[in-house]
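Structure first, commentary second.
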Amino acid sequence: QVQLVESGGGLVQAGGSLRLSCLASGRPLNTYSMGWFRQAPGKERDFVAGITWITGRTHYADSVKGRFTISRDSAKNTVYLQMNTLKPEDTAVYYCAGDKFAPNIPNTDSREYDYWGQGTQVTVSS
């Protein structure tokens, strides 16, 4: 199995930047897509960004496109989410997720993902 551990969350003012990290361990990720999801209190868990492990193909939610960048470091088995120009509506718990068989394009449906981290809180103040 794969274990995912997020880090890098915190409190930041609107317009600021933050970088989240997700360390994956347990087995190789060659057929995976890795994704970031977020969930605000009382709301559904929404797709933010995804990346295929082998090719690095990315996909972004419209709400973050142009502001967030997902990347991965294969040598470190780590996926990152660089978040720029943060807005208060970005406030949520951010979850790292792994889809074990999505080598060509990241899925946007959380139900397709097999492994989840515990989440890291991102709070953006006005």
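The values are calculated or read from the model by the stated rules, or taken from the named source; none is laboratory data. What you see is a predicted model, and the numbers here were worked out from it, not measured in a lab. Cβ placement follows ideal geometry from the backbone for every residue including glycine, while neighbour counts extend to all protein chains displayed. When the accessible area is computed, the model is the full protein with side chains, heavy atoms only, and any ligands, DNA or RNA have been set aside. Shrake-Rupley method; radii C 1.70, N 1.55, O 1.52, S 1.80 Å.
When averaged across all projection directions, what area in nm² does the alpha-carbon convex hull of segment 57-112 cover?
Quarter of the Cα hull surface area: 4.6 nm².
Could you check how much of the accessible area of the chain is carbon and sulfur, as a whole percent, using a 1.4 Å probe?
45
Please report the net charge: other residues with Cβ closer than 15 Å to the Cβ of Tyr113, K and R +1, D and E -1.
Counting the neighbours of Tyr113, the net charge comes to -3.
Net charge near Val124: determine it from the other residues with C-beta under 13 Å of the C-beta of Val124, scoring Lys and Arg +1 and Asp and Glu -1.
Result for the neighbourhood of Val124: +1.
Where the centroid of each part is defined by its Cα atoms, how far is segment 9-39 from segment 58-126 in Å?
5
What is the antiparallel percent of DSSP beta bridges lying wholly in the chain, to the nearest 5?
90
Restricting to lysine pairs 8 or more places apart or on different chains, what number in the chain have Cα atoms under 21 Å apart?
4
Which residues does a label at Gln1 reach in segment 106-126, if reach means a backbone N under 13 Å from a point 7 Å past the Cα toward the Cβ?
Answer for this model: 114-118.
Which whole-number value in Å² is the accessible area per residue of the chain, probe 1.4 Å?
Accessible area per residue, the chain: 52 Å².
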